[in-house]
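> Submitted below is the structure of interest, expressed as structure tokens.
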Amino acid sequence: MDELSLDRTVAVVGSGTMGRGIAQVALTAGHPVLLYDAAPGTAERAARAIGERLDRLVEKGRMSAEQRAGAGARLVAAGQLSELAPAGLVVEAIVEDLAVKQRLFADLEGVVADDCLLATNTSSLPVTAVAAPLRLPGRFVGLHFFNPAPVLPLVEVVSGAATDRAAADRAHATARAWGKTPVRCTDSPGFIVNRVARPFYAEAFRVYEERGADPATIDAVLRESGGFAMGPFELTDLIGQDVNEAVTTSVWTAFGFDPRFTPSLAQRQLVQSGRIGRKSGHGWYAYGEGAERPIP
Ligand code: NAI
């Protein structure tokens with residue numbers, strides 16, 4: 001199965017951290033891109049942010065001014081879901097909530113053509129369950145990018161129980177054509193990376209909760225001795241504590257509340273207090289004016 005041709009529009013629903021990264025990837029690959037978000041003004045802000053990122057690529061000599069102008073002209077912020085009708089592929093990157101995602105895709109099926117590939121960027125919800133209410137669930141796949149999407153090559157291509165082989169093949173070929181490294185997997189909780197990564201976060205949070213060491217110390221140890229690019233506290237601040245906690249909770253639930261995956265109370269309290277990481281200015285660390293510092 002061939003990749004999505006470059007004349008087909010890619011629609012990205014949800015214009016937050018991941019949506020804007022995925023939109024940038026599709027845009028720089030050469031597709032027309034439609035960005036949509038339910039929160040008014042967000043898609044427009046995301047389009048401006050993508051433009052600024054492309055400008056930086058031009059300054060660094062990694063994109064020509066001509067390519068930049070072409071990409072800018074192909075990016076449109078849509079005001080209504082109905083404007084996504086021309087899409088050949090929709091990638092959803094909205095809130096990690098099963099009912100909200102199901103409702104969105106049910107609405108989308110009434111908007112796009114029957115040959116439009118539908119994809120979710122969910123980190124941990126069952127692809128099979130997200131697709132369950134659809135009239136044509138065979139064209140539905142998981143297309144799981146990693147943060148930051150324009151930089152990290154890995155994409156998990158997840159087949160749910162109803163996914164047609166042809167749809168998974170097309171998603172895989174498209175990710176490859178976009179310069180990514182796609183891997184196929186089935187719909188097991190957390191797929192590959194988010195399953196294997198759970199203990200990395202959970203054990204670090206437990207060490208902190210047991211007053212074993214503070215976040216900065218644990219991060220430094222894992223970076224300097226563990227060989228990780230980022231420690232678990234700084235990485236979850238980048239991911240978003242809300243997103244990371246939702247992933248843990250859904251993997252924990254899927255495994256029948258297996259204690260290996262029990263969510264961290266300290267992380268839950270961060271989420272409850274609105275300290276959800278870099279995007280809110282606070283998480284395990286404080287950001288903004290002055291140096292990053294751990295919150296006591
Ligand atoms: P985010 O909170 O940065 O952005 C979500 C956006 O979706 C917001 O702008 C919100 O207004 C919008 N939205 C919410 N409900 C909507 C609806 N019904 N229709 C349209 N727009 C809606 O979240 P983020 O981090 O971009 O995550 C999005 C998805 O990507 C989640 O499923 C998450 O699990 C997944 N993901 C997140 C990663 C991360 O590192 N943050 C990595 C890989 C996947």
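> I need Cys185, Cys116 ordered by Cβ neighbour count within 10 Å, fewest first.
Ranked by crowding around the Cβ, least crowded first: Cys185, Cys116.
> Quick check on the exposure proxy: order Thr236, Thr28 from fewest to most C-beta atoms within 10 angstrom.
Thr28, Thr236
> Now for a different question. How big, on average over all directions, is the shadow cast by the Cα convex hull of the range 9-186, in nm²?
8.9
> What angle do you read, to the nearest 10 degrees and between 0 and 90, between the alpha-carbon axis of helix 42-59 and the longest principal axis of the chain?
Long axis of 42-59 versus the principal axis of the chain: about 90 degrees.
> Follow-up question, since we're still on this one. Please give the helix 241-254 orientation as an angle from the longest Cα principal axis of the chain, in degrees from 0 to 90, rounded to the nearest 10.
90
> Once the piece of chain linking Ser280 and Glu203 is laid out straight, how much longer is it, given 0.36 nm per residue of separation minus the C-alpha distance between them?
That pair, Ser280 and Glu203, stretches by 25.3 nm at full extension.
> Under a crude label model (7 Å from the Cα following the beta-carbon direction), how far is Asp115 from Thr181 in nanometres?
The two pseudo-label positions are separated by 3.3 nm.
> Moving to a separate point now. Relative contact order for the range 197-286: what is it in percent, counting Cα pairs under 8 Å that are at least 6 residues apart?
30
> In addition: Give me the distance in nm between label points sitting 7 Å out from Cα along the Cα-to-Cβ direction at Gln269 and Gln80, one decimal.
With each label placed 7 Å out from Cα toward Cβ, I get 4.8 nm.
> Now a separate question. Could you tell me how far the Cα centroid of the range 257-283 sits from the Cα centroid of the range 33-112, in Å?
Using only Cα atoms to place each centre, the spacing works out to 28 Å.
> Angle between the Cα long axis of helix 198-209 and the longest principal axis of the chain, 0 to 90 degrees, nearest 10?
Orientation of helix 198-209: about 30 degrees from the principal axis.
> A follow-up question, please. Near Lys279, which lysines are there with a Cα under 24 Å away, not counting those fewer than 8 places off in the same chain?
Hits, sequence-local ones excluded: Lys101.
> I've got another one for you. How large is the charge dipole for the chain, taken about the Cα centre, if only the Cβ atoms of Lys, Arg (+1) and Asp, Glu (-1) carry charge, to the nearest 20 debye?
240
> Of Met18, Met1, how do they rank once you tally other Cβ atoms within 10 Å and put the fewest first?
Taking fewest neighbouring Cβ atoms as first place, the list is Met1, Met18.
Since every read-out is calculated from the coordinates, none of them should be taken as a lab result. What you see is a predicted model, and the numbers here were worked out from it, not measured in a lab. Positions of Cβ are generated from backbone atoms using ideal geometry, with glycine treated the same way; all protein chains shown enter the neighbour counts.
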